[in-house]
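One structure is given here, and the rest of the page talks about it.
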Amino acid sequence: MRGAVTSVLAVLVWVVLCAARDPILVPEVSQHEVALQQGFTGTELLLFGAILTPEGSRAAQDYDIVIVLKGPTQSIVLREKQKVAGIWINADSTELRSAPSYYAIASTRPIKDIVDDKTAAIYELGLKWLQLSPIGAIDPKEQTRFANGLVDLNRRIGLYREEEGGVKVSEQVLYQARIGLPSRVPIGTYTAETFAISKGRVVASASSQVEVRKLGLERAVATFAEDYGFAYGLLAVFVSVGMGWLAGRLFAMR
């Protein structure tokens, strides 16, 4: 009995000592609010911070740093188009329960060289490991095809991105990465999560937030459309008809 108690105490001491050696991350973002106004062409966020020991001193070893910037999640319906008799029509479709509206990852090295597939899947470290769960039953091959299609589409328009080697670490203390936001970036609360990884194990993590919101005329129009959808639709029709009539009058006068 005494031997068992001694073994348990030894394990507890070992766990405490290992935990004490784990680093602490102190993250920060260059701007916690991004304003979308007329003429907005995109911006670049600087995500930086420090890797410290629990005592506040410089870390005693090198760590791989991975930064994930993720936008608000949303359910989304994906439709596949097929060409039939020379006409593109909607064919198969599926609905995903929670897809990030924006996703970017930056790391000190390629993810495959930092963690194994299981760890990457748990923490969603990379576009390959995004948890795009469908609503309802779907064939796994079809699910993979639709998920790959969504990722490819968002990569091409700049809403999904991977930057291997995008994180720079100086003197085992300071790290930084630059991640761009395109002009069509969705509004909402973004989460920037930083991971410190050693020997394939996530030893520390910390997060901060960035608010992307519309200001000025864009905000007023978006609020009106959201609160008074029917009136906004009518107004849009009237404006379109009015612009068409005005254009016709101008050409008729020539």
Output the number of residues of the stretch 166-212 satisfying the condition of being of a type outside the set (A, V, I, L, M) and open to solvent by 40 Å² or more (accessible area, probe 1.4 Å).
17
In the stretch 40-55, anything surrounded by fewer than 16 Cβ atoms within 10 Å (Cβ to Cβ) and of a type in the set (S, T, N, Q) is listed as Thr41, Thr53
The stretch 97-119, residues that are under 23 Å from Gly71 (Cβ atoms) and either part of a strand (DSSP E or B) or among the charged types (D, E, K, R) (or both):
Arg97, Ser98, Ala99, Pro100, Tyr103, Ala104, Ile105, Ala106, Ser107
Looking at (1) farther than 24 Å from Ile111 by Cα; (2) surrounded by 10 or more Cβ atoms within 10 Å (Cβ to Cβ); (3) at pLDDT below 85, which one does Val5 not meet, given that it meets all the others?
(2)
When you look at Asn148, is it modelled with pLDDT under 95, buried (at least 18 other Cβ atoms within 10 Å of the Cβ) and polar (S, T, N, Q), yes or no?
no
Let me spell it out: the conditions are (1) modelled with pLDDT of 70 or more; (2) closer than 21 Å to Val202 by Cβ, and Leu17 meets all of them except one. Which number is the exception?
(1)
Can you tell me which of (1) open to solvent by less than 70 Å² (accessible area, probe 1.4 Å); (2) modelled with pLDDT under 95; (3) over 30 Å from Asp22 (Cα atoms) is the one Tyr102 doesn't meet?
(2)
Do we have Gly56 as out of contact with any helix residue (DSSP H, G or I) (no Cβ under 6 Å at 6 or more places or on another chain), modelled with pLDDT under 95 and closer than 23 Å to Gly180 by Cα here?
no
Go through the stretch 131-149 and count every residue that is under 14 Å from the mean Cα position of the chain (by Cα) and within 17 Å of Val77 (Cβ to Cβ).
1
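The values are calculated or read from the model by the stated rules, or taken from the named source; none is laboratory data. Just so it is clear, the model here is predicted, and its values are computed rather than measured. Neighbour counts run over all protein chains shown; Cβ positions are idealised from the backbone, glycine included. Accessible surface areas use protein heavy atoms only, side chains included; no ligands, DNA or RNA. Shrake-Rupley method; radii C 1.70, N 1.55, O 1.52, S 1.80 Å.
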